[in-house]
Ligand code: NAD
Ligand code: WQD
């Protein structure tokens, strides 16, 4: 079976490409390398022994997308990762986000209709829930007004896919990721944030390695036990494996409705201070951090009810926070060594 992975050179896409190949799928990748590099292709191959078929493609170019599908008729399913994902940047440049995250989806779905590709997995996000009324969050929780253009693109994307499944043969699953962290066990691939990381774990590892002076903890006056925000941090390989299982569900026609949504998290919430503590345990070194003011837009606590994914999808996260942080730390050390080589 041939699976097209859009954005397959990126963080989650590359880990999913590995999981797909190891499950016996043939992987085709398209990417415009706006947030990734071609080196990742060989890094994937160094784990699996197989280089995915790659084509440079900017999915915003409708003609190029059409040409790609015209010349690749053998695709059985698509996992669509390609998107822009920086929340702050989306506030500053909303049109970039509406164009890159929505037009690309529309063009892909148009090709699915033309070439009868019926199996589609979409990268959604827990950001669609906003500040939840109840924890843990189930898939039935109301979708509130998005707090950023990025979040809005995920809400609209889910609606676009739902509407399409109602009038065509398309079957789709949206996976709502919580907070992906860590790297493949081999540390051949991992997260490579451009510039100053916005996310907690890359900022922690870059501080520990000496690239950043100090981690700023954004607020300790939240209504949580230690006053810092709570999130559901999930190992990127657990997340990657969820994609393989979701894809198999569609290919085996086990889906209950044409459009299904699953939370993909661990179900366990950890505070910022707990993450720092766990990192210090794993790395056996103290982390330089300081509590500062809250970051605008942060919600107090978010963690998944994973019941639906566990029972219906048959998927459960296997790796815990320490294991995820250990792999993130090993990856940061590897990146430093790699940089020295150049
Ligand atoms: P990433 O930036 O590492 O990967 C995205 C890839 O898509 C990159 O390789 C980029 O070059 C490519 N891309 C972007 N626009 C493109 C275009 N127009 N044409 C072709 N390729 C394009 O991001 P990621 O963390 O791997 O995220 C993957 C998906 O998961 C995204 O849709 C993101 O919104 C979603 N998501 C990510 C997180 C997270 O915390 N990382 C959480 C929830 C959801
Ligand atoms: C986690 C916690 C921060 C950095 C973002 C997106 C979301 C989704 C996942 C895509 C928060 C605190 C962080 C730092 C800190 N992405 N923090 N100091 O905000 O939960 O989610 O990534 O869909 O849409 O918004 O993740 O890693 O930025 O923050 O104290 O330097 O760490 O306040 O409590 P977040 P994060």
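Quick one: plug the Kirkwood hydrodynamic radius of segment 200-342 (C-alpha pairs) into Stokes-Einstein at 37 °C, 0.692 mPa s, and report D in µm²/s. Rounded to a whole number, D works out at 193 µm²/s. Remark: the residue 287-residue 225 segment gains 20.2 nm on full extension, using 0.36 nm per residue and subtracting the alpha carbon distance. The mean sequence separation of alpha-carbon pairs under 8 Å and at least six residues apart, normalised by the residue count of the chain, gives a relative contact order of 19 percent.
Our estimate of slack between residue 166 and residue 58, defined as 0.36 nm per intervening residue step minus the Cα-Cα distance, is 36.1 nm. Per-residue ellipticity at 222 nm computed for the chain from its helices equals -11500 deg cm²/dmol, with DSSP H segments shorter than 4 residues left out and the rest contributing -39,500 (n - 2.57). All distinct Cα pairs of the chain go into the 1/r average, and the inverse of that average, the Kirkwood radius, is 20.4 Å.
The tail of the calculated P(r) for segment 148-210, taken as Cα-Cα distances beyond 15 Å, holds 68 percent of the pairs.
Computed packing ranks the peptides 42-53, 70-81, 197-208 as 197-208, 70-81, 42-53, most packed first, by mean other Cβ atoms within 10 Å. In terms of packing, defined here as the mean over residues of other Cβ atoms within 10 angstrom, the peptides 174-180, 100-106 line up highest first as 174-180, 100-106. Angle of helix 236-251 to the longest C-alpha principal axis of the chain, folded into 0 to 90 degrees and rounded to 10: 20°. Stretched out straight at 0.36 nm per residue, the stretch from residue 131 to residue 277 would grow longer than its current Cα-Cα span by 50.0 nm.
For residue 23 and residue 339, a Förster radius of 30 Å and the Cβ-Cβ distance give a FRET efficiency of 0.40, rounded to the nearest 0.05.
Taking Cα atoms only, the orientation of helix 272-283 departs from the longest principal axis of the chain by about 90 degrees.
Stokes-Einstein diffusion for segment 38-83, with the hydrodynamic radius set to the Kirkwood value over Cα pairs and evaluated at 4 °C in a medium of 1.567 mPa s, equals 104 µm²/s. When the Cα convex hull of segment 134-250 is projected onto planes of every orientation, the mean area is 10.5 nm². In summary, the convex hull built on the alpha carbon positions of segment 196-280 has an orientation-averaged projected area of 7.8 nm².
We did not get these values from a lab; they are worked out from the coordinates using the rules stated. Note that the structure is predicted; figures quoted are calculated from it, not measured. Glycine gets a Cβ as well: all are built from the backbone with ideal geometry, and neighbour counts include every protein chain shown.
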